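Where a number appears in this text, it was derived from the coordinates with a stated rule and is not lab data. Being a predicted model, the structure only gives us computed values, none of them experimental. Cβ placement follows ideal geometry from the backbone for every residue including glycine, while neighbour counts extend to all protein chains displayed.
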Amino acid sequence: MRRKISITAVDQERLLKLINKEREFGSAKNQDYLKNLEQELNNADVVSSAEIPRDAITMNTQVTLKDMESGEETTYTLVYPEDADLLEDKISVLAPVGTAILGYRQGDTIDWKVPDGVVRLKVEKIVYQPEAAGDYDL
C-alpha cells in the first residue's frame, strides 16, 4: 500500500481538471492511470505552494531516479501532457511513471508496476522544484 503523498493545492486543482478533461476527450487506454491519479490526489496531504516540503516531487520538478535493480540513474522533469517530450526527458504526469512519482520525496522508494512485474525506483535527488525556487506560477 502506498503512503500518503504531499502535493500543492494548485497542482491538485490543475490535475483534477486535467483528469476530467481526459475522461471526456482522451483515449480509453488512459482510464486506469486517471483513476490511480485521482485516488492519489483525493488521498494526498494538500498544502499551499509555500508549505510543500522542498524535497517533494511537484509538477515541473526535475528529479533524479535510480533503478534499484540496475543502479541506473535518470533525470526527468514531471510535466503536464502538453509539455511532455521524451527527447528532453520531460515525462507526463499521465504516463505510468509520472503518476507513480508525483508527491514522493527525496530518499523515498517507489514500487512502479510494469507489465513484467514491479520496478523499484529510488528518488535520489530533487534537482529543481519550482516551489523551492519561488516559482509558484509554473
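Points to keep in mind about this one:
- The dipole here belongs to the chain: it is taken about the Cα centre, uses +1 on the Cβ of Lys and Arg and -1 on the Cβ of Asp and Glu, and is about 440 debye.
- Whole-angstrom gap from the stretch 100-123 to the stretch 70-96, using each part's C-alpha centre: 13
- Links that overshoot a 25 Å alpha carbon limit, given the list Lys17/Lys90; Lys21/Lys66; Lys17/Lys66; Lys21/Lys125; Lys4/Lys125: Lys21/Lys66; Lys17/Lys66; Lys21/Lys125
- Test item: Cα-centred dipole of the stretch 72-123, Lys/Arg +1 and Asp/Glu -1 on Cβ, debye: 300
- For the stretch 32-90, a crude dipole built from +1 on the beta carbon of Lys and Arg and -1 on the beta carbon of Asp and Glu, taken about the Cα centre, is about 200 debye to the nearest 20.
- Share of alpha-carbon pairs per 5 Å distance bin for the chain, given as whole %: 2, 10, 21, 25, 22, 14, 5, 1
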